[in-house]
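Remarks on the structure that follows.
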Amino acid sequence: MSPLPSNAFSLAAIVRSYKTQKQSQEQKKQQYVLVHERFPRGWWLPGGGIEHKDSTPVDAAVRETIEEAALPQCGDLPVMTHLLSLEQTQGRIRFIFRGEWCDDDEQSILKCPPGDDDSIEAKWITWEEINNFKRRRKHIPREQWLDDGNDNAHPLSSTTSVNHPWLRAHEPLTFFGMLENSLQQNESIPAGLKLCQVEDKDEVVGAFFSRSKESCQSASEVQTLTIQGRATFLIHLKCRLLVYDSENQLFATMSSFVDDQNEKTLRQLTDEMISQFASLTFETGLQRVEYTAHENGRDATLTVFPYAITSSNQDFNDVKWVSKDELADSLDQRLAAHLLSGQGNFADLNILRDTECAMQ
């Protein structure tokens, strides 16, 4: 059976940064972008569907942030820094990124009311302020949003919207909460995997997003797919597991491939492979994620590089164990060297989800 296409989405949890080092006490509180979407959606993270014109999910996150949150004359672009979550469900995949956006108080770059077709406005919000927002109710009568039931009135002028703002869904609480926790724990490295450039050969651990260099085709030449007007993609999955026997200081590698992301998720692939070593495994993590868009504009390959550290290899005689330098692939050698270095920067396997991340 041929692979089924999937809708792909990018969301951005944007943190405010400043050009100058001098900050007021209020500025020392971490602030996040929150977007007031059109009726009946409420407030949410900037983000939306990945389009065929987007080179990668990272580019989609930047584009969506600009469209939904920025003033037309905004010159500074947000910079995505980390992959926070990679979520797969049937016919759907979501990338959630951490980003930074420079905005000095003197001249805010965020959109003001009445906004445009993409959104009403955007605001810098602290964690304390986000927690004052209400969760979305399933059914909100339109007359509660519009003054006197006047369809021409703007939702922002409604007392319900102004005095009792509500969140479209859990994502702001979930991902801003994740970033706030990193801040409170004084972690120098935010949660997730750092975004790296493919051409940077010094980087081995992180999230790498790229598009095939041969993909510079005109729009008429690209064989795109759409479902109900939304771009879709054929996403092929790979998992490359690195296992380290800490007692004998030996390594083993295993690979698995799925042609259709609707057949099995990356988390399922990873768990199945690691489960073979479960009896002696005491540490697992994720070192690397690679996303490569194919030249036809519709296919993409998504590869993850988890690791597992075992206390022995005595129960795994059918696995080929070698020293670091005997690993056949140079990338495996570099990942093994980084694992031995103790430098860390790894992500928890929970970054890979086969459900959309729910608020804890």
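Each value in this text was obtained by applying a stated rule to the coordinates, not by laboratory testing. Keep in mind it's a predicted model, so treat the numbers as computed, not measured. Here the Cβ is made from the backbone with ideal geometry for all residues, glycine too, and neighbour counts use every protein chain on show.
With each label modelled as a point 7 angstrom along the Cα→C-beta vector, the Val322-Leu4 pair spans 3.9 nm. Remark: region 302-310, residue by residue, has Karplus-estimated 3J(HN,Hα) of 10, 10, 10, 10, x, 9, 9, 10, 10 Hz, where x stands for each Gly or Pro and the curve is 6.51 cos²θ - 1.76 cosθ + 1.60 at θ = phi - 60°. With a simple spin-label model that places each label point 7 Å from the Cα along the Cα-to-Cβ direction, the separation between Ser55 and Arg135 comes to 4.0 nm. 3J(HN,Hα) along region 113-129: x, x, x, 8, 5, 7, 6, 7, 6, 9, 9, 8, 10, 7, 4, 4, 5 Hz, from the Karplus curve 6.51 cos²θ - 1.76 cosθ + 1.60 with θ = phi - 60°, whole Hz, x for Gly and Pro. The label point for Cys112 and the one for Thr20, both projected 7 Å from the Cα toward the Cβ, are 2.1 nm apart.
Using mean Cβ contacts within 10 Å as the protection proxy, how do 78-86, 230-238 order, highest first?
78-86, 230-238
Measuring from a point 7 Å past the Cα of Ser312 along Cα-to-C-beta, which residues in region 237-253 have an amide N at less than 12 Å? In region 237-253, the label zone of Ser312 (backbone N under 12 Å from the point 7 Å along Cα→Cβ) covers 247-248. One Cα centroid belongs to region 265-310, the other to region 33-67; the line between them spans 27 Å. 3J(HN,Hα) along region 332-342: 4, 4, 5, 5, 5, 4, 5, 4, 6, 5, x Hz, from the Karplus curve 6.51 cos²θ - 1.76 cosθ + 1.60 with θ = phi - 60°, whole Hz, x for Gly and Pro. Close amide H partners of Thr232, meaning residues 5 or more places away or on another chain with modelled amide H under 5 Å apart, are Leu225, Thr226, Ile227.
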